[in-house]
Amino acid sequence: MRPIHNSRDIFYRDPVGAVPVGATVRLRLCVENGEQPDAALIRAWCGRETWIEMALLGFVNNGYLYEVVLDVPDEPGLVWYDFRVRAGDGEVAYGNAPDKLGGEGSVWAELPPSFQLTVYDPAFAPPRWMREAVVYQILPDRFYAYGKPASIPEGRFLHNDWYDAPGMGIDPGSHDYHARDFYGGTLEGVRLKLPYLAELGVTCLYLNPIFEAPSNHRYDTTDYLKIDPMLGTEHDLVSLCESACGYGIRVMLDGVFSHVGSTSPYFQDAVADSGSPYRAWFTFKRWPHEYDCWWGVPSLPNVNEMEPSYMDFMLRSADAVVPYWTRAGIAGWRLDVADELPMPFLRQLRETVKRVNPDACLLGEVWENASCKIVYDELRSYVLGDTLDSAMNYPLRGALIAFLIGTITAPQAARQIDALMEQYPKPFAYALMNLMGSHDRARILNALVGVTGESIPRANQGQLRLTDGQRALAKARLFMLFDFLAAWPGMPTIYYGDEAGMEGASDPYCRAAYPWEREDAEIRERFRTALTLRRKNPPLTVGEVRLVAPDDDVLIIVREISDGVDALGESAQDAAAVFAMNRSGTVKTVRLAESIVQRGSQWSMAQSADTADKLVMSSGGYVLTIGAMASAVWVGEYRPLCRCGDR
């Protein structure tokens with residue numbers, strides 16, 4: 001016998017994707033190639049195991065069709081399910097596919113991996129502005145220097161040449177990264193560049209840490225209630241937020257709450273005095289010199305986040321850190337290593353931020369699937385509405401880079417991406433930070449040709465340069481990548497200087513100063529054009545989405561607003577957009593069926609860099625022609641024949 005269930009096909013699972021508390025879900029299993037089974041059962045698990053016998057609907061489409069209507073739990077969480085088919089003396093187990101990415105499952109000889117059903121809080125609503133935002137990440141020391149610092153603290157070095165390569169400061173004994181070289185960028189420098197950022201299309205700034213710290217990256221906080229003097233003052237931050245608001249730009253800060261710097265007064269007091277009120281903040285293996293630190297880095301002692309006095313300092317007291325800066329006018333927090341923070345701490349953090357400003361966001365650094373991650377032997381889900389508004393979308397970044405460099409095919413990339421969209425609630429998915437580069441990865445141009453310096457000594461990575469041929473290839477891939485992000489749900493994100501064509505290996509070489517007056521104007525203009533198109537066409541921000549992989553080299557995005565309602569349930573005018581990209585070196589012609597794009601619709605080319613790009617009506621649907629290593633966008637109005645996922 002051959003059981004079939006497809007978690008992304010509405011015939012087998014209705015509705016497809018995550019559901020709110022209070023919903024019911026219809027699950028079906030079709031059993032082909034054999035006599036009628038004695039029974040089909042579903043095994044569901046959400047804290048406890050439940051077995052339910054499925055009802056036989058009859059013989060449909062060459063198989064016996066079974067169905068059960070599942071009432072989801074009355075609290076947010078993850079439901080896991082798989083199937084058993086009994087016939088005679090035998091039993092067949094059917095569960096998730098071997099890669100555990102959902103869709104059509106597989107028969108298993110042992111206990112099968114289960115399908116995941118995400119159940120979220122129906123009141124979960126990330127700030128509305130996030131679904132339409134464009135994020136620009138800035139390492140403040142490296143963006144723009146306005147004037148010279150009045151003084152340079154001891155132990156810090158200021159580059160005389162803005163275009164110097166970053167220094168490598170590694171202690172050979174502890175292997176600790178000191179990062180004491182500075183370029184002199186300031187908050188006022190960011191404020192002065194707001195016209196440039198607004199013209200590019202940016203609507204949200206994400207600033208890497210700005211609180212007082214000895215390093216240039218400032219993830220080793222000394223004082224949470226003081227702006228680092230080399231960056232400016234509290235007045236400068238308030239001025240930046242106010243000026244940015246005038247350009248329609250918000251400012252998001254980096255919250256580093258899992259560890260502090262070893263130079264902080266909190267840690268220094270705990271080291272100096274065994275009776276210090278701060279000692280409970282830290283875990284000493286042997287006081288005062290052996291202590292728990294972040295990934296073994298001595299300059300970053302970990303804190304005990306659930307220690308009541310630390311909770312008071314950060315969240316609960318009248319002058320606590322998080323409400324203090326939230327009241328200063330920022331739009332929210334990007335949470336460093338959010339998956340290392342205890343869940344109760346995250347819940348209290350969310351409550352604190354939303355009480356001060358309901359429109360402020362909480363965006364987490366989670367590198368893997370944020371719906372189901374094992375952390376410290378605990379399964380955690382950050383998508384249920386009780387912790388994060390959304391997360392950095394590293395899985396999407398990984399899938400797209402792998403596709404563009406040829407490591408995986410278009411169907412494989414689509415499968416990885418579809419799995420995320422199935423498991424993430426729409427409010428979470430439409431607020432994702434869809435990044436290309438970051439301060440923790442080699443520059444995106446390097447990543448797109450696999451020249452990241454990982455095979456050479458770290459000290460030599462600063463001399464790494466792309467050849468002319470590598471750079472041309474990287475740029476072609478970058479255009480396709482950014483065009484994809486501009487057409488995908490979530491927040492397209494630019495790491496400062498990626499729009500200027502910066503190159504570099506991983507930290508610290510991905511953190512060089514912005515190349516003012518040496519920018520790659522072609523990349524910058526391509527980004528600006530893509531963001532303008534996104535802003536002017538609502539389907540590209542709030543439309544329903546479907547990802548199609550018609551062959552190994554082509555990915556197509558279909559976005560639609562139909563029946564006067566967008567993907568988030570708000571009123572909107574019917575419209576649609578189609579994006580296509582072709583990674584291959586030859587022109588590709590592919591077909592979209594009527595069930596994906598309504599035949600007879602009127603389409604117009606909105607963006608293309610290749611005269612070969614065409615979308616024309618054909619029998620049974622549309623034919624798309626996409627130029628070699630190119631992408632294109634068409635916009636139009638139509639009424640879909642069926643919902644995404646219809647059989």
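For labels at Glu368 and Leu57 in the simple 7 Å Cα→Cβ model, what's the distance in nm?
My value for the distance between the label points is 3.5 nm.
Which value, in Å², gives the accessible area per residue of region 30-143 when a 1.4 Å probe is used on the protein heavy atoms?
Each residue of region 30-143 exposes 45 Å² on average to a 1.4 Å probe.
Between Glu522 and Trp295, what FRET efficiency follows from the Cβ-Cβ distance if R0 is 60 Å, with the result rounded to 0.05?
Efficiency, rounded to the nearest 0.05: 0.95.
About its Cα centre, how strong a charge dipole does region 2-136 have in debye, to the nearest 20, once Lys and Arg get +1 and Asp and Glu get -1 at the Cβ?
380 debye
Once R0 is set to 45 Å, what does the formula 1/(1 + (r/R0)^6) return for the Cβ-Cβ distance between Ala593 and Asn460, expressed as a FRET efficiency to the nearest 0.05?
Here the calculated transfer efficiency is 0.30.
Pairs of alpha-carbon atoms within less than 8 angstrom and 6+ residues apart define the contacts here; what relative contact order does region 223-304 have, in percent?
Reported as a whole number, the value is 24 percent.
So for Val107, Val256, what's the accessible-area order with a 1.4 Å probe, most first?
The ranking, largest first, comes out as Val107, Val256.
Testing the spin-label approximation: label points 7 Å from Cα along Cα→Cβ at Val616 and Ala125. State their distance in nm.
Calculated label separation equals 4.8 nm.
Calculate how steeply helix 394-404 sits against the longest principal axis of the alpha-carbon atoms of the chain, using the helix alpha-carbon long axis, and give the answer as 0 to 90 degrees to the nearest 10.
70 degrees
Tell me the angle of helix 521-536 to the major Cα principal axis of the chain, expressed in degrees between 0 and 90 and rounded to the nearest ten.
50 degrees
Using a 1.4 Å probe on the protein heavy atoms, what percent of the accessible area of the chain belongs to carbon and sulfur?
50 percent
For the chain, what is the percent of antiparallel DSSP beta bridges, rounded to the nearest 5?
75 percent
With the contact rule set at Cα under 8 Å and sequence spacing of 6 or more, what percent relative contact order holds for the chain?
Averaging sequence separation for qualifying contacts and normalising by length gives 11 percent for the chain.
How big is the antiparallel share of DSSP beta bridges in region 281-423, given as a percent to the nearest 5?
Roughly 50 percent of the beta bridges in region 281-423 run antiparallel, per DSSP.
Quote to one decimal, in nm, the extra length available between Arg355 and Asp269 on full extension: 0.36 nm per residue of separation minus the C-alpha distance between them.
Full extension from Arg355 to Asp269 adds 27.8 nm.
Could you calculate the contour length gain from His235 to Asp319, that is, 0.36 nm times the residue separation minus the distance between their Cα atoms, to one decimal place in nm?
28.5 nm
Rounded to whole Å, give me the distance from the Cα center of region 64-139 to that of region 1-56.
The two parts, judged by their Cα centres, are 11 Å apart.
Using θ = phi - 60° and the Karplus relation 6.51 cos²θ - 1.76 cosθ + 1.60, list the HN-Hα couplings for region 69-81 in order, rounded to whole Hz, with x at every Gly or Pro.
Each residue of region 69-81 in turn: 9, 9, 8, 6, x, 8, 9, x, x, 10, 9, 10, 8 Hz.
Please give the solvent-accessible surface of Arg355 in Å², to the nearest 10, using a probe radius of 1.4 Å with every protein chain present.
Accessible area of Arg355: about 150 Å².
Compute the Rg to Rh ratio over the chain from the alpha carbon atoms, using the Kirkwood formula for Rh, and round to two decimal places.
0.99
Mind checking the per residue accessible area of region 179-297 for me, 1.4 Å probe, whole number of Å²?
36 Å²
Can you tell me the orientation of helix 234-246 relative to the chain, as the angle in degrees between its alpha-carbon axis and the longest Cα principal axis, to the nearest 10?
40 degrees
Given a 1.4 Å probe, how much area per residue of region 334-440 is accessible, in Å²?
In whole numbers, region 334-440 has 28 Å² accessible per residue.
For region 550-599, which semi-axes, largest first and in whole Å, follow from the square roots of 5 times the eigenvalues of its Cα gyration tensor?
28, 11, 8
Of Thr493, Thr589, Thr532, which has the most accessible area with a 1.4 Å probe, and how do the rest follow in descending order?
Sorted descending by solvent-accessible area, the residues read Thr589, Thr532, Thr493.
Over region 449-544, what is the relative contact order in whole percent, taking alpha-carbon pairs under 8 Å and six or more residues apart?
Averaging sequence separation for qualifying contacts and normalising by length gives 34 percent for region 449-544.
Once each part is reduced to its C-alpha centroid, what is the distance from region 358-401 to region 528-543 in angstrom?
Centre-to-centre (Cα) distance: 25 Å.
Starting from 0.36 nm per residue, how many nanometres of slack lie between Trp108 and Lys148 once their C-alpha separation is accounted for?
Residue separation times 0.36 nm, minus the Cα-Cα distance, leaves 7.8 nm.
Just the accessible area for Ser631, please: 1.4 Å probe, Å², rounded to the nearest 10?
Solvent-accessible area, nearest 10 Å²: 0 Å².
Based on DSSP H runs of at least 4 residues, each adding -39500 (n - 2.57), what is the mean residue ellipticity at 222 nm of the chain after dividing by all its residues, to the nearest 500 deg cm²/dmol?
Per the formula, -6000 deg cm²/dmol.
Keeping every protein chain in place, order Tyr120, Tyr622 by accessible area at 1.4 Å, biggest value first, i.e. largest first.
Per-residue accessible area, sorted high to low, gives Tyr120, Tyr622.
Counting DSSP beta bridges with both partners in region 193-339, what percentage is antiparallel, nearest 5?
Here the share of antiparallel DSSP bridges comes out near 45 percent.
For Lys536, give me every one of the aspartates and glutamates with a C-alpha distance below 17 angstrom, ignoring sequence neighbours fewer than eight places off in its own chain.
Qualifying aspartates and glutamates at Cα under 17 Å: Glu132, Glu199, Asp483, Glu525, Glu544, Glu560, Asp566, Asp574, Glu637.
Name all residues of region 83-112 having a backbone nitrogen under 16 Å from the label point set 7 Å from the Cα of Glu32 along its Cα→Cβ direction, giving them as ranges.
Output list for this probe position: 104-107.
Dipole size in debye (nearest 20) for the chain around its Cα centre, Lys and Arg Cβ +1, Asp and Glu Cβ -1?
Using only the charged Cβ atoms, the result is roughly 1260 debye.
At a probe size of 1.4 Å, how large is the accessible area of Tyr177, to the nearest 10 Å²?
40 Å²
Over region 196-306, what per residue volume does the convex hull of the Cα atoms give, in whole Å³?
For region 196-306, the hull spanned by Cα atoms encloses 123 Å³ per residue.
Just to verify a number: FRET efficiency for Glu242 and Phe157, C-beta to C-beta distance, R0 = 35 Å, to 0.05?
The pair Glu242/Phe157 has a calculated efficiency of 0.60.
Using amide H atoms built in the peptide plane, which far-off residues or other-chain residues are under 5 Å from Arg250 H to H?
It is Cys204, Leu205, by chain and number.
The values are calculated or read from the model by the stated rules, or taken from the named source; none is laboratory data. Note that the coordinates shown come from a computational prediction; the quantities given were computed from them, not determined experimentally. Positions of Cβ are backbone-derived with ideal geometry, glycine not excepted, and every protein chain shown enters the neighbour counts. Remember, those area values only see protein heavy atoms, side chains included, never the ligands or the DNA or RNA. Shrake-Rupley method; radii C 1.70, N 1.55, O 1.52, S 1.80 Å.
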